[in-house]
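Inspection log for the structure reproduced underneath, given as structure tokens.
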């Protein structure tokens, strides 16, 4: 491939445009060769600028648009740079095939051209390219006559010393040597007339820099499923865009070598797809190339014609398309093609398919080169139905009997049989290849005719025929029906019920006619029959039929097949019974079912019918006879879906008496102890010693275990005893059991007691009670820290204690615990809570007078002494004291300080050695 290094002509600046081009000795290399194909184009990219020279502070010369006879452009003078820029034409550098470059105007004029290194020269040609005067390299013998660029000769100091020429004619051609010999000619400025020297403005320094030409070629892969590709060469890293008109269809980036390739999404239509490929380099357009991708012929159905009527059966379908492409034909939007073929080399295809009667929409779909998919659609037999009218061939039925009805319809169609109200009697019936179909139904007993309609469906087609009416036959026998069960339960005895001919006798037979239920039974006057039969464990169904006999005539019903359910397990969870009392029986079964309780002979022994709850639980109560060794029963269960069966016989044995347990863990010698435990509910009992001697005379008890199984007795344990040993003998329903020997050890501590029932707030309280004799004692708070404020704590040898403590004046209760320490062991008792009691005291006064003695009166407990204290005073010196009269009245005097706004106090009553404290009273000062 060609060299893709960017070519740069350095030094083409504002003051040395021609010198850098001619005298620097730079070479520009060979231009890229263009591909001689219809899908390849050659382009290049250079720099665009304006040719403007600054003559002075307010003087600019510019190459502007042509006027008059000079078509390439002319030089004009302007006072500002902006005006010159607005008027100047854009000039673009373009590469020349031999390695030089030229500067062109938009109209095609050539401003300057360079030659390769072998013969470097430059020429100024303000010349317009036309159809009659073409050029390829800006090197021509034709030139304009006036107002061209002027040439100047510079001396060694750079001054312009003389004219060399004033027009760019053929004679103006100079070689590099000539330029050197003449002291170095430069295009220093371009003027109008003899304007002074100036300098170029804004000329790029790399006018000779060009981008690699863009090439583009379109190709198709041999695999038709693969997309077409456009590939070629471009400037390395250039952004490549492929468009169809103004629509971008693909884009990519040229690699480091300048190669690119991009897939083109198929247009899904036939013919050529015109594409334009362009490259962008450094944000600037850098050439385009045109490519044409010919996708060939689109598919078309040529036979049959659209809207044509064709007969049912094998139908030839023909068409045209792109040679070698695959074609599939689909019918009525089906997913499976009815024809799959390949387009011949002459561009035609054909195939045959069986079409039934009715409308068909045929679609041909072709996959051709470049993954191009085209379609063609026609409609044949428009508006025709594919379904034929249905008929019914059955002419009679027996009311109440399962009957097969037969008929004809469209082969392959699906039939739904509909009642008059549109409900489906039988659905999804398939019509056989010979056009026949059948369905089963049970017309109502007593009906005289049976009507229905037949709806056919095949594909998108549907039709409904009817109503069809079939007459009933007259029969002396009523049809046999089964009312329950709808399913049978394996492994248990099931109950079967139904209806048949009133007064007829019947037998129960299997499918082979063998009797499967012993005996002959009679259908009652209402036409009801019933029988019981065990269904084998693991059976999937039970088949039977009824043989009716009436007036010497026998009629056998159709075979009834009742499927087996998954089973309705019934379990008895009662493990034992208590003879002589009402027992509660429980178990599990099918949720929502009902049941009756039967004995071993099938007789109901608990009145009523019960329900199994939503959680599957059942229960009933029944007295078990006194002395019975067990209780036997079974359940007759009817499930929510109508299945009725009888469970196996359950046998629940009488329970042994509940073993005795003792809850008491310690005894306190020298005092009466309470013993508790568990036993048989309702049993009587005696307390025995270890020799089985009855201790009842010394026992305080009811000697009967209560309904909850609890027993209790009291007995004094001898002082100094290390333990207490006993047995309990229970008796119930003729059973007697004696427990093992229980040994209850003496407790290390005696439980602490408190005599006080309440506390008085705001005064000293004395607390008394008992602890373990010989034990040390502390009073604790609820955090098990020693309670503050305890005084005069004393514990006597017999365990009686006393201590004092003031309860807060605003306190409502006192909580404390008693800690005992004895023989190196410590025990903390439960929390004792004593509520504060308020004395029943009233005060008559509603106000006080400050600065004088006030008399206070009120009511309190008759005969009690009273003392008056301030609300917060818990000392021993009262403000006043006295005795409440027998009538419950009291009075006292007290001076209220001058300026006081109120007077507050409380009253402590003492009677029979017990004290109580009133609530605080606050009497407001009088404002008079």
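Could you please find all residues in the range 351-371 being within 15 Å of residue 319 (Cβ to Cβ) and exposed (fewer than 15 other Cβ atoms within 10 Å of the Cβ)?
Answer for the range 351-371, where residues must be within 15 Å of residue 319 (Cβ to Cβ) and exposed (fewer than 15 other Cβ atoms within 10 Å of the Cβ): just 352.
Taking residue 720 and the conditions (1) loosely packed, with under 15 Cβ neighbours inside 10 Å; (2) not in a loop (DSSP other than H, G, I, E, B), which numbered condition does it fall short on, given that it satisfies the others?
(2)
Report yes if some residue within the range 744-754 is assigned to a strand (DSSP E or B) and without any contact (Cβ under 8 Å) to a residue 60 or more places away in the chain; otherwise report no.
Yes, because at least one residue in the range 744-754 is assigned to a strand (DSSP E or B) and without any contact (Cβ under 8 Å) to a residue 60 or more places away in the chain.
Would you check if residue 256 is over 25 Å from residue 299 (Cα atoms) and either part of a loop (DSSP other than H, G, I, E, B) or modelled with pLDDT under 95 (or both)?
So residue 256 passes the test.
Residues of the range 644-673 being surrounded by 12 or more Cβ atoms within 10 Å (Cβ to Cβ) and outside any loop (DSSP other than H, G, I, E, B), which ones?
644, 645, 646, 650, 651, 652, 653, 654, 661, 662, 667, 673
Those residues that are at pLDDT below 95 and either touching a helix residue (DSSP H, G or I) at 6+ places or on another chain (Cβ under 7 Å) or surrounded by 13 or more Cβ atoms within 10 Å (Cβ to Cβ) (or both), I need them from the range 305-318; list them, please.
Across the range 305-318, the qualifying residues are 310, 312, 315.
Mind listing just one residue for me: the one in the range 456-486 that is under 51 Å from the mean Cα position of the chain (by Cα) and buried (at least 21 other Cβ atoms within 10 Å of the Cβ) and, of those, nearest to residue 637 (Cα to Cα)?
485
Between 836, 864, which is more than 20 Å from residue 883 (Cβ to Cβ) and in contact (Cβ under 8 Å) with a residue 24 or more places away in the chain?
Every option except 836 fails the conditions.
Given the structure, is residue 750 within 30 Å of residue 623 (Cβ to Cβ) and surrounded by 14 or more Cβ atoms within 10 Å (Cβ to Cβ)?
In short, no.
To keep it simple, each residue is scored yes or no on (1) out of contact with any helix residue (DSSP H, G or I) (no Cβ under 8 Å at 6 or more places or on another chain); (2) at pLDDT 95 or above; (3) not in a loop (DSSP other than H, G, I, E, B).
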{"position": "555", "(1), (2), (3)": "yes, no, yes"}
{"position": "563", "(1), (2), (3)": "yes, no, yes"}
{"position": "579", "(1), (2), (3)": "yes, no, no"}
{"position": "590", "(1), (2), (3)": "yes, no, no"}
{"position": "602", "(1), (2), (3)": "yes, no, no"}
{"position": "607", "(1), (2), (3)": "yes, yes, yes"}
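Considering (1) in a loop (DSSP other than H, G, I, E, B); (2) within 30 Å of residue 380 (Cβ to Cβ), say which one residue 236 fails and leave the rest.
(2)
Could you list, in sequence order, the residues of the range 905-923 that are loosely packed, with under 15 Cβ neighbours inside 10 Å and at pLDDT 95 or above?
Answer for the range 905-923, where residues must be loosely packed, with under 15 Cβ neighbours inside 10 Å and at pLDDT 95 or above: just 922.
Please verify whether the range 372-390 includes one or more residues that are surrounded by 15 or more Cβ atoms within 10 Å (Cβ to Cβ), within 30 Å of residue 546 (Cα to Cα) and modelled with pLDDT of 90 or more.
No - not one qualifying residue is present in the range 372-390.
For the range 306-326: of the residues being without any contact (Cβ under 8 Å) to a residue 40 or more places away in the chain and part of a strand (DSSP E or B), which is nearest to residue 460 (Cα to Cα)?
The selected residue is 316.
When the range 521-532 is examined, which residues are found to be in contact with a strand residue (DSSP E or B) (Cβ under 7 Å, 6 or more places away or on another chain) and in contact (Cβ under 8 Å) with a residue 24 or more places away in the chain?
523, 527, 528, 529, 530, 531, 532
Just one of (1) within 55 Å of the chain's Cα centre (by Cα); (2) surrounded by fewer than 17 Cβ atoms within 10 Å (Cβ to Cβ); (3) at negative phi; (4) at pLDDT below 95 trips up residue 626, so point out which.
The number of the failed condition is (1).
Examine the range 285-301 for a residue that is closer than 28 Å to residue 410 by Cα and either within 50 Å of the chain's Cα centre (by Cα) or touching a residue at least 24 places away in the same chain (Cβ under 8 Å) (or both), and state whether such a residue exists.
no
The values are calculated or read from the model by the stated rules, or taken from the named source; none is laboratory data. Worth saying up front: this structure is predicted, and the values here are computed from it rather than measured. Note that each Cβ is placed from the backbone with ideal geometry, even for glycine, and that neighbours are counted across all protein chains shown.
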